[in-house]
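All remarks here apply to the structure that follows.
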Amino acid sequence: MKVTAILGSPRKKGDCFNVIEMLQKSFNRVEETQIDYIYLNDIELGFCKSCLLCYTKGEQYCPHKEVTTMLLNKMLECDVVIFASPVYEQHVTALMKNFYDNFSFMFHRPRFFHKRAILVSSTGGSGLKETLSYMKMCAIGWGFQIAGTVGVCGATLKTDEAYKQNVQNNINHLVNNLFKNKESTPTLYQLAMFRAMQSKALGSSKKKDISFEYWKEHGWFEKEYYTNAKISLFKKIYSRFIRKIMKKLITTKLMIIR
Ligand SMILES: Cc1cc2nc3c(=O)[nH]c(=O)nc-3n(C[C@H](O)[C@H](O)[C@H](O)COP(=O)(O)O)c2cc1C
């Protein structure tokens, strides 16, 4: 199993790192695993310049293409990507957010359908749910299958042995399932995301946007999901219903004034 960890903490050996080490321990119980670490603090990934070239012409035109191509290849070359960020002001760190911003086009041209993501976060006591939900949305938007989420209280992990053991047991369970279930059927969340992006891609046909062509090339306008994974009748009905409401929900006339 090839695993890449993308770490959005400026602390190299901090709490998120401790969780990844626990994941490593669980992987090694099943199969000797080497984790390839990418510390976002160490690579020179500039802030997204909002040139929108990734949307209009392609990701190869990104002003940060040297770094983004390296990151993209790292993610494409492995089986599992661990996305890890501590909670900063109830959200992912700026390092992690900048990483997501630089890959914003991925929501419109997803490609990680046969790869699994593990989402890791660590907190002082709050914001774990919000941070992990955001990371989950990004991973699903990019096409990943979610193998699991691990959220911990960093300080407790270092001081409370029983808590640490409990986290390790749950991680063992997560990793065992990852090895057992090679491919999963799309969840309701994944189907809803697919329909949302299908609606968006269809709407972009008039703009100079390459996402429309990408969807057309892949034949996704006629499909129920990105892959040929089996979808139950119930999920198909749900997904078609979502498709109808997405057309109304995704509007360019959105306004919130209170
Ligand atoms: C700038 C900054 C902002 C933080 N914001 C929060 C927060 O909103 N809520 C919280 O519970 N902990 C917060 N923390 C604590 C970290 O989430 C916590 O210490 C985490 O375990 C650090 O993980 P790391 O060692 O992998 O960086 C913050 C820490 C820093 C440095």
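Here are the numbers:
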item	result
In the stretch 135-166, residue nearest to residue 99 (Cα to Cα) [restricted to those that are out of contact with any Ser or Thr (no Cβ under 7 Å at 6 or more places or on another chain) and within 13 Å of the ligand (Cβ to nearest atom)]	150
The listed residue being within 30 Å of residue 51 (Cβ to Cβ), touching an Asp or Glu at 6+ places or on another chain (Cβ under 8 Å) and assigned by TED's automatic domain parsing to the domain that holds residue 97, out of 158, 115, 136	115
Qualifying residue in the stretch 161-182 (condition: surrounded by 16 or more Cβ atoms within 10 Å (Cβ to Cβ), touching a helix residue (DSSP H, G or I) at 6+ places or on another chain (Cβ under 6 Å) and of a type in the set (Ser, Thr, Tyr))	no
Hey, residue 136 on the phi < 0 side of the Ramachandran plot, more than 11 Å from the chain's Cα centre (by Cα), surrounded by fewer than 21 Cβ atoms within 10 Å (Cβ to Cβ) and charged (D, E, K, R) or not	no
Identity of the residue in the stretch 43-55, in contact with a helix residue (DSSP H, G or I) (Cβ under 7 Å, 6 or more places away or on another chain) and touching a residue at least 12 places away in the same chain (Cβ under 8 Å), that ends up surrounded by the fewest Cβ atoms within 10 Å (Cβ to Cβ)	44
Pairs, first at positive phi in the stretch 147-162, second in a helix (DSSP H, G or I) and more than 9 Å from the ligand (Cβ to nearest atom), C-beta under 9 Å, six or more apart	148/170; 148/171; 148/173; 148/174; 148/175; 148/177; 148/178
Residues of the stretch 183-194 satisfying the condition of being in contact with a strand residue (DSSP E or B) (Cβ under 9 Å, 6 or more places away or on another chain) and buried (at least 19 other Cβ atoms within 10 Å of the Cβ)	186, 190
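Yes/no matrix, rows are residues, columns are (1) under 13 Å from the mean Cα position of the chain (by Cα); (2) closer than 26 Å to residue 202 by Cα:
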| site | (1), (2) |
| --- | --- |
| 58 | no, yes |
| 65 | no, no |
| 110 | yes, yes |
| 149 | yes, no |
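For every residue, the table says whether it meets (1) over 28 Å from residue 153 (Cα atoms); (2) outside any helix (DSSP H, G or I); (3) within 16 Å of the ligand (Cβ to nearest atom).
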{"residue": "4", "(1), (2), (3)": "no, yes, no"}
{"residue": "21", "(1), (2), (3)": "no, no, yes"}
{"residue": "47", "(1), (2), (3)": "yes, yes, no"}
{"residue": "75", "(1), (2), (3)": "no, no, no"}
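The values are calculated or read from the model by the stated rules, or taken from the named source; none is laboratory data. All figures in this text were calculated on a predicted structure; none of them were measured in a lab. A quick note on method: Cβ atoms are made from the backbone with ideal geometry, for glycine too, and the neighbour counts reach across all protein chains shown.
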